[in-house]
C-alpha cells in the first residue's frame with residue numbers, strides 16, 4: 001500500500017474517533033473504550049503518548065480489542081451498543097500508574113475488561129487471570145454455559161414468574177421446572 005493510502009486511512013480513522021469523542025487530543029493520557037449490551041458492561045483501558053493517533057490505530061489493528069471494535073463498531077444513534085470513547089490527560093510519567101489504577105477501578109465496578117494485562121509498560125505489568133485463554137475446547141464450552149446460565153437466570157428473575165398456587169403442577173411440569181432451576185443454579 002502506498003503512503004498516500006496509508007495517510008488517507010489514518011485520517012479517516014481519526015475523523016471516526018472525533019465523531020464519537022470530538023475533543024480527543026494528540027497529547028498523552030488514558031483512554032477508555034466502553035460499551036453496554038444486554039445489561040453487561042464491557043471495556044478496555046489503555047495509555048497513549050498521542051491519544052488520537054492511538055485510538056485511530058485501534059480501528060485498523062489486529063489486537064483483541066481492535067477486532068472487538070470491528071465487530072461492535074463505535075457508538076452512534078444507529079449503533080447504541082458500540083464502543084463509547086472517553087479520555088483523561090496525564091503526563092507521560094503518570095501513564096503507567098494511572099492505567100493500572102483505572103483498570104483496577106473499572107474491573108471492581110463490574111466491567112468485563114478486554115485488557116490482557118493489568119496495565120503499564122514496565123514494572124508491575126502482569127497478566128489478568130480471567131483473560132487467560134482457555135485450555136481447550138471443553139473449557140470454552142463450560143465458560144459459555146456459565147455465561148448463558150447467568151444471562152437466563154437474570155432474565156428469569158426480572159421477567160418470568162411461575163405460579164403453582166392456582167393450579168398444582170403436574171409431575172412432568174415439576175420435573176421440567178427442577179431441571180430449569182438446576183440449569184440456572186450458579187453454584
Item to check | Hits in region 87-108 (condition: within 29 Å of residue 37 (Cα to Cα), surrounded by fewer than 18 Cβ atoms within 10 Å (Cβ to Cβ) and out of contact with any strand residue (DSSP E or B) (no Cβ under 8 Å at 6 or more places or on another chain)) | outcome: 101, 104, 105, 108
Checklist entry - Any residue in region 128-145 that is modelled with pLDDT of 75 or more and part of a loop (DSSP other than H, G, I, E, B)? => result no
Checklist entry - Is there a residue in region 20-34 that is surrounded by 15 or more Cβ atoms within 10 Å (Cβ to Cβ), in contact with a helix residue (DSSP H, G or I) (Cβ under 7 Å, 6 or more places away or on another chain), closer than 24 Å to residue 148 by Cβ and modelled with pLDDT of 95 or more? => result no
Checklist entry - For region 68-81, what are the residues that are surrounded by fewer than 19 Cβ atoms within 10 Å (Cβ to Cβ) and touching a residue at least 40 places away in the same chain (Cβ under 8 Å)? => result 68, 76, 81
Checklist entry - Pairs, please: C-beta under 7 Å, at least 6 apart or cross-chain, first residue touching a residue at least 12 places away in the same chain (Cβ under 8 Å) and in region 85-96, second exposed (fewer than 12 other Cβ atoms within 10 Å of the Cβ)? => result 89/25; 96/121; 96/122
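This table checks each residue for (1) at pLDDT 90 or above; (2) under 23 Å from the mean Cα position of the chain (by Cα); (3) farther than 28 Å from residue 17 by Cα.
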| position | (1), (2), (3) |
| --- | --- |
| 108 | yes, yes, no |
| 112 | yes, yes, no |
| 152 | no, yes, yes |
| 156 | no, no, yes |
Checklist entry - So which residues in region 35-65 are within 20 Å of the chain's Cα centre (by Cα) and surrounded by fewer than 17 Cβ atoms within 10 Å (Cβ to Cβ)? => result 36, 37, 38, 39, 40, 41, 60, 61, 62, 63, 64
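The values are calculated or read from the model by the stated rules, or taken from the named source; none is laboratory data. Since the model is a prediction, treat every value here as computed from it, not as a measurement. Don't worry about glycine lacking a Cβ; one is built from the backbone with ideal geometry, like all the others, and counts go over all protein chains shown.
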